[in-house]
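Quick notes on the structure that follows.
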Amino acid sequence: MAKNGTMEQFEGRLDSLKDSMRNLVDVGTSKMSDVKDTVVSSSKTGVKRAGSLIKQHPFIAIGIAFGIGFVAMRLFRR
């Protein structure tokens, strides 16, 4: 069975679409990797800062933790 011109055009466009989707996935994967690296480095900085604040003000940190726990318990009991 011979292929007509319309079928060849369709297959060409389908191949082009497949290539475009592969490129889009590759770019998305690269961007997600960059975002992940940024989030990890930012979270490390945040954890270090929180740790130093807890060391400087331990009683305030305990009070805040108790308050958050109390409010969470009240919300979840409902």
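The values are calculated or read from the model by the stated rules, or taken from the named source; none is laboratory data. Note that this is a predicted model, so its numbers are computed, not measured. Cβ placement follows ideal geometry from the backbone for every residue including glycine, while neighbour counts extend to all protein chains displayed. To get the accessible areas, we keep the full protein, side chains included, count just its heavy atoms, and leave off ligands, DNA and RNA. Shrake-Rupley method; radii C 1.70, N 1.55, O 1.52, S 1.80 Å.
Other residues lying with their Cβ under 14 Å from the Cβ of Ala61 contribute a combined charge of +2, Lys and Arg counting +1, Asp and Glu -1. Once the Cα atoms are used to define both axes, helix 58-77 deviates from the longest principal axis of the chain by about 60 degrees.
Relative to the longest principal axis of the Cα atoms of the chain, the long axis of helix 5-56 makes an angle of roughly 10 degrees. Residue separation of Thr29 and Ala65 scaled by 0.36 nm, minus their Cα-Cα distance, works out to 9.2 nm of gained length. Annotation: aspartates and glutamates with alpha-carbon distance below 17 angstrom to Lys36 (same-chain offsets under eight excluded): Asp26.
On the chain, 66 percent of the accessible area sits on carbon and sulfur atoms, based on a 1.4 Å probe. If you work out Rg and Dmax of the Cα atoms in Å from the coordinates, which of [x] 11.9, 35; [y] 27.4, 83; [z] 12.9, 38 do you get? So the calculated entry is the one marked [y].
Note on Val39 and Thr6: with the Förster distance fixed at 35 Å, the Cβ-Cβ geometry gives a FRET efficiency of about 0.10.
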